[in-house]
Ligand code: DQA
């Protein structure tokens with residue numbers, strides 16, 4: 001079983017971005033925690049980060065046929081990424097949208113709207129890096145229940 005983990009624009013800068021919202025871990029540290037979690041769950045993950053919406057769309061198109069779920073932090077694309085939304089909608093596999101910060105509690109009104117949420121199975125927002133781990137466990141459990 002393979003789960004895709006996708007990080008959107010600027011998340012390669014984690015560790016340098018405002019720690020109050022995004023924590024102190026780098027993306028490499030978060031990915032390595034996810035690798036360990038995946039290993040203990042006995043599943044594979046394919047991790048991808050890009051600052052480019054088109055590259056993320058292509059990754060989703062190429063990798064989805066072999067995947068059972070998607071965990072995505074769309075970063076700023078959350079708020080306007082309509083080609084990303086359509087690529088995700090076309091996958092027809094479970095999608096968990098993750099945000100390190102609670103986008104609804106942020107001061108900028110534009111952060112309060114997600115164009116991705118309507119095509120996601122669910123959203124985890126504000127739990128920091130643990131949100132990714134929670135999303136991974138959820139997807140694995142759902143798949144196990146589905147298989148019986
Ligand atoms: C983010 C929230 C977005 O509003 C922002 O553009 C990001 C990160 C988060 O993880 O909290 O880059 O998705």
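Overview of values
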{"item": "Qualifying positions in segment 108-121 - within 11 Å of the ligand (Cβ to nearest atom) and farther than 20 Å from residue 71 by Cα", "result": "108, 110"}
{"item": "Single unsatisfied condition, residue 52 versus (1) exposed (fewer than 14 other Cβ atoms within 10 Å of the Cβ); (2) in contact with a helix residue (DSSP H, G or I) (Cβ under 6 Å, 6 or more places away or on another chain)", "result": "(2)"}
{"item": "Tabulated pairs, segment 133-144, first in contact (Cβ under 8 Å) with a residue 60 or more places away in the chain, second part of a helix (DSSP H, G or I) and surrounded by fewer than 19 Cβ atoms within 10 Å (Cβ to Cβ), C-beta under 9 angstrom, 6+ apart or interchain", "result": "133/33; 133/37; 136/37; 136/41; 137/37; 137/41; 140/41"}
{"item": "Any chance residue 34 is within 16 Å of the ligand (Cβ to nearest atom) and under 17 Å from residue 99 (Cα atoms)", "result": "yes"}
{"item": "Residue match in segment 19-29 (condition: in contact (Cβ under 8 Å) with a residue 24 or more places away in the chain, part of a helix (DSSP H, G or I) and under 15 Å from the mean Cα position of the chain (by Cα))", "result": "yes"}
{"item": "Test: residue in segment 56-71 that is at pLDDT 95 or above, surrounded by fewer than 16 Cβ atoms within 10 Å (Cβ to Cβ) and closer than 26 Å to residue 23 by Cα", "result": "no"}
{"item": "For residue 146: the one exception among (1) modelled with pLDDT of 95 or more; (2) assigned to a helix (DSSP H, G or I)", "result": "(1)"}
{"item": "Flag if residue 75 is buried (at least 17 other Cβ atoms within 10 Å of the Cβ), under 24 Å from residue 18 (Cα atoms) and within 16 Å of the ligand (Cβ to nearest atom)", "result": "yes"}
{"item": "Residues located in segment 78-95, provided they are within 15 Å of the ligand (Cβ to nearest atom) and either surrounded by fewer than 23 Cβ atoms within 10 Å (Cβ to Cβ) or assigned to a loop (DSSP other than H, G, I, E, B) (or both)", "result": "79, 80, 81, 85"}
{"item": "Sole residue being in a helix (DSSP H, G or I), in contact (Cβ under 8 Å) with a residue 40 or more places away in the chain and either under 18 Å from residue 124 (Cβ atoms) or touching a strand residue (DSSP E or B) at 6+ places or on another chain (Cβ under 8 Å) (or both), chosen from 6, 70, 56, 45", "result": "56"}
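The values are calculated or read from the model by the stated rules, or taken from the named source; none is laboratory data. Fair warning: this is a prediction, and the values are worked out from it, not measured in the lab. Please note: Cβ atoms are built from the backbone with ideal geometry, for glycine as well, and neighbour counts cover all protein chains shown.
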